[in-house]
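The values are calculated or read from the model by the stated rules, or taken from the named source; none is laboratory data. Here the structure is a predicted model, which is why all the values come from computation and not from measurement. Methodologically, a virtual Cβ is constructed for each residue, glycine included, from the backbone with ideal geometry; neighbour enumeration extends over all protein chains shown. For the accessible areas, the whole protein counts, side chains as well, though only heavy atoms, and no ligand, DNA or RNA atoms are used. Shrake-Rupley method; radii C 1.70, N 1.55, O 1.52, S 1.80 Å.
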Amino acid sequence: MRTGILEKYASFLPVSEQTPKLTLYEGETPLIFAEQLSDELGVELYLKWEGANPTGSFKDRGMVVAVAKAVEEGSRAIMCASTGNTSASAAAYAARLGLRCLVVIPHNYVAMGKLSQAIMYGAEILALEGNFDQALAMVRQVAAEQPITLVNSVNPYRIEGQKTAAFEVSDQLGQVPDILALPVGNAGNITAYWKGFVEYHEHGYTSTLPKMWGFEAEGAAAIVQGKPIEKPETVATAIRIGNPASWETAVQARDQSNGLIDSVTDQEILAAYQKLAKSEGVFAEPGSCASIAGVIKKKAQGELVAGQKVVCVLTGNGLKDPQTAIQHTNFQPKVVPFDYQALVSAMLPEKDA
Ligand code: F0G
């Protein structure tokens, strides 16, 4: 039976009898074997489908812990800066417990699905004329002065909840993968996965550790370039971040795991985005597909060993960003008159000739 993160992984989390029993049944997301991609890349490739979480992204794992702890500690209001998914998740869990939820988003750079979620869950939305990094700097300042709990991944409870995905991957695969690939934005998730793998290993549940492969968008690749990017740009708005808050712990995850952090272009991201949907039947948002794009890039560079077990984390659901799907494919509907023959001819044009 599903229980949600707080109950299922209580012994790994900073929770007690006093912690509210909050859940939207986050976690326990599928690990899907990717047949076509495995064939093409000569590895065993699996997709950790985090788009199956209650608000459609991995953020729910950490948010349930952060919001429950905020209430336990007496808070009545939460706040975040967000490229969209964090705000959707925060707004949902705040709604569940009747908390005020303030979200600060970069004006014009949040995908429609994510924005509509925050609206529907009743968040107070402030569209800042600035980017995510600027928004995060500001909400950190507000949180230092006001009795409002910050639920960005600089809140350690977020990382605690998100690390549970590493436990699930290990259990679902029956072992640790050789490589765990994921997109890197603010770098909280790579930090969380590594913490999870290390803890599971220390508790004796696994015998090895994976290599962590993180991928930034080329126009926002601060860690790759070794310096903050003042004006990050990428089609993958989820990871349009130029100064990751968890930079140091991401570098630790990379180095301790003998892994890598590299970048992928928008073109590579969009190609992976479409390929994933068409060949595996999994529609993940563009930012998520940095993991797939990265593994494809590494294959071309000869850095994948045949037969390796690779898990790509798909962090968010493609439905969150319908605009990119439609614009990128240049989709134009084939309009058909209300006439049976016309419909059949449109379906089978060759018969017409
Ligand atoms: N993938 C998706 C779909 C995301 O929404 C994010 C981050 C990431 C990857 C990167 O994860 O920041 O832990 O390295 N989204 C944040 C937000 C910034 O506000 O929703 P990270």
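When DSSP beta bridges are limited to those with both residues in the chain, what percentage is antiparallel, rounded to the nearest 5?
Looking only at bridges with both residues in the chain, the antiparallel portion is about 15 percent.
Taking the alpha-carbon centroid of each part, what is the distance from the range 245-269 to the range 274-347 in angstrom?
23 Å
What residues qualify as long-range amide H neighbours of ILE78, i.e. H under 5 Å apart, gap of 5 or more or another chain, H built at 1.01 Å from N?
Excluding prolines and chain starts, which carry no amide H, the hits are ARG100, CYS101, LEU102, THR149.
Suppose every K and R has +1 on its Cβ and every D and E has -1 on its Cβ; what is the size of the dipole of the chain about the Cα centre, in Debye to the nearest 20?
Roughly 440 debye, rounded to the nearest 20.
Which residue, VAL184, ALA165, GLY204, has the largest displacement toward the positive end of the dipole of the range 146-204 when charges sit on each Cβ (Lys, Arg +1; Asp, Glu -1)?
Value computed over the given set: VAL184.
For the chain, with all protein chains present and a 1.4 Å probe, just round the carbon and sulfur fraction of the accessible area to a whole percent.
52 percent
Return the long-range amide H neighbours of TYR46 (sequence gap of 5 or more, or a different chain), with a cut-off of under 5 Å between placed amide H atoms.
Excluding prolines and chain starts, which carry no amide H, the hits are ALA34, VAL310, VAL311, CYS312.
Counting only the backbone N, which residues of the range 250-268 are under 15 Å from the spot 7 Å out from the Cα of GLN301 toward its beta-carbon?
Backbone N within reach: 254-255, 258-266, 268.
Quickly rank 140-149, 3-12, 127-136 as a protection proxy: mean count of other C-beta atoms within 10 Å, highest first.
127-136, 3-12, 140-149
Taking the simple approach of a point 7 Å from Cα along Cα-to-Cβ for both ARG100 and GLN18, what is their distance in nm?
Result: 2.3 nm between the two label points.
Rounded to the nearest 0.05, what FRET efficiency is calculated for GLU7 and LEU348 with R0 set to 41 Å and r the Cβ-Cβ distance?
Details: r = 54 Å, r/R0 = 1.32.
So the FRET efficiency works out to roughly 0.15.
Going Cα to Cα from LYS298, which lysines come in below 16 Å? Please leave out same-chain ones fewer than 8 positions away.
LYS211, LYS309
Just the accessible area per residue of the range 145-243, please: how many Å² with a 1.4 Å probe?
On the way: 3510 Å² over 99 residues.
Value returned for the range 145-243: 35 Å² of accessible area per residue.
Residue by residue, what Karplus-based ³J(HN,Hα) values in Hz, rounded to whole numbers, does the range 24-33 have, using 6.51, -1.76 and 1.60 with θ = phi - 60° and x for Gly and Pro?
Coupling constants for the range 24-33: 10, 6, 6, x, 6, 7, x, 10, 9, 6 Hz.
Each label point is 7 Å from the Cα along the Cα-to-Cβ direction; what then is the distance between the points at GLU28 and VAL142, in nm?
3.5 nm
Could you calculate the contour length gain from ALA277 to GLN225, that is, 0.36 nm times the residue separation minus the distance between their Cα atoms, to one decimal place in nm? Provide the component values of the computation, followed by the final result.
Numbers: separation 52, 0.36 × 52 = 18.72 nm, distance 3.05 nm.
Roughly 15.7 nm would be gained on extension.
Stretch GLN252-THR208 to full length: gain in nm at 0.36 nm per residue minus the Cα-Cα span?
On the way: separation 44, 0.36 × 44 = 15.84 nm, distance 1.74 nm.
Full extension of this stretch gives 14.1 nm more.
Please sort 44-53, 83-92 by packing, taking for each peptide the average over its residues of neighbouring beta carbons within 10 angstrom, highest first.
83-92, 44-53
Could you compute the FRET efficiency for ASP339 and GLU72, with r as their C-beta to C-beta distance and R0 at 45 Å, rounded to 0.05?
Efficiency at R0 = 45 Å is approximately 0.10.
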